[in-house]
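Read-outs: derived from the displayed coordinates by stated rules, not from any lab. Quick caveat: nothing in here was measured; it's all calculated off a predicted structure. No Cβ is skipped: glycine too gets one built from the backbone with ideal geometry, and neighbour counts run over all protein chains shown.
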Amino acid sequence: MRFLLSAEQREFARSLDGMLGASGTPAVARAWAAGEHGPGRDLWTRIAEAGVFGLAVSARHGGMGQLPAELAVAFYELGRHAVPGPLVETVAAAAFLERLGAGAAAGEWLPRIAAGEAVVSLCAGDPYALDADAADAVLVVEGDTVRRADGHGPLQASLDPARRLFRPLGGAVLARGPAVAAAAAHALDLARLTAAAQSLGLGRALLAATVSHVTQRTQFQVPIGSFQAVKHRLADALIGLEFAQPLVHGAALALAAGAPSAGREVAAAKVAAGEAGYAAARTALQLHGALGYTQELDLSLWIRKARPLRDAWGTPADCRRRVLAA
C-alpha cells in the first residue's frame with residue numbers, strides 16, 4: 001500500500017490551498033455563522049469548479065468517479081482553511097444516493113451536487129441536520145427508511161457558531177428497505193473519512209499558527225517558544241497529527257479498494273485525527289493565553305471547530321466500538 005500522495009494529488013492540494021487562501025475564509029465563516037449564506041455559496045461554487053464534489057459522484061451523473069483518496073486530500077485543505085457549510089454531509093449524501101442505486105432522487109440531485117448547484121445535508125443517526133437552513137435538500141435516514149425533510153425546527157446552540165444545527169421535520173419517504181441501510185453504512189464511512197481529513201487539516205493549521213505565535217510572544221525578554229514546557233506541548237500536538245495522517249490516507253485507500261476492513265480502518269482514522277485535531281486546539285488555546293479566548297481573533301474559528309468535528313459522524317467512543325466490533 002502506497003502512503004505517499006501522487007504528484008497529481010499534491011498538485012490538486014496546492015491548487016485548492018491557493019484558491020482557499022485567496023478566498024477570505026474567516027470572513028466567509030463569520031457570515032455563515034450569522035446566517036448570511038451568500039459568501040459561503042459563492043465559495044461553494046468555486047470549490048465545485050475545482051472538482052471537489054465531483055469526487056463523490058460517478059461519471060454517469062456528471063462527476064469524476066468516487067475517489068476517497070482525492071476526497072481526503074481535498075477535505076484536508078477545507079479543514080485547514082476552516083471552510084464552513086455541510087461539506088461532509090453533501091459528499092455523504094452523494095455517496096448515499098450513488099449506493100442506493102438508480103432512481104428519481106439520484107438523477108435529480110447527483111448532477112447538481114457535482115456541479116456545485118445543490119447543497120444537500122444528510123442526517124443519519126443524529127437528531128440534527130447541519131445547515132438545514134442553507135441546504136437545498138435535507139435527507140433523513142432512519143433505519144431502513146429515507147425521507148426528504150420538508151422543514152426544520154429552530155436553530156440549536158453549537159460550540160462552533162458556523163456549525164448551524166436544526167431538527168429536520170416531516171417529509172415524504174423516498175425509499176425503504178435493506179438497500180437504504182446498506183447505503184447509509186457506506187455514506188457513514190465516507191463521512192467519517194472526510195471528517196477525519198478535515199480534523200487533520202484543522203489541527204495542522206492550529207499548530208502552525210501556534211508555532212508562529214510562540215516565536216513572537218516574549219516573556220522575560222525571550223520568546224516563550226524557547227521554554228521547555230511549551231516545546232513539549234507543541235511536540236505532543238505534532239506527534240498526534242503525524243501519527244493520524246497515514247491512518248487517514250490508508251483508510252481512504254482501503255475504502256477505494258472496497259476492502260472488508262475499510263469500515264474499521266476509517267473508524268480508527270477518525271479517532272486518531274479527531275483526537276489529534278482537538279489536542280492541537282487545546283494547545284493553541286493554552287499557548288495563545290487570553291488571546292485564545294477572544295472571538296475577534298480569527299484563530300477562534302479554528303479552535304471552536306475542533307471538538308464538534310471530532311464528535312461528528314461518530315464520537316471517539318463510537319468509532320472505537322466500530323474498530324473492536326471485528
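Quick rundown of the values:
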item	result
All Cα pairs of the range 179-249, percent lying beyond 15 Å	64 percent
Rounded FRET efficiency, nearest 0.05, which uses the C-beta distance separating Glu142 from Asp236 and R0 of 45 Å	0.65
Spatial separation of Cα centroids for the range 222-243 and the range 252-293, in angstrom	18 Å
Two-site label geometry, Ala317 and Asp133: point separation in nm, points 7 Å out along Cα→Cβ	3.1 nm
Debye, to nearest 20: dipole size of the range 182-324, +1 on Lys, Arg Cβ, -1 on Asp, Glu Cβ	200 debye
Set of the range 100-137 residues, backbone N closer than 20 Å to the point 7 Å along the Cα-Cβ line of Ser158	117-137
Cα-Cα P(r), the range 182-324, percent of pairs per 10 Å interval	13, 39, 27, 15, 5, 1, 0
Ratio Rg/Rh, restricted to the range 27-138 and using Cα atoms, in which Rh is the Kirkwood radius	0.95
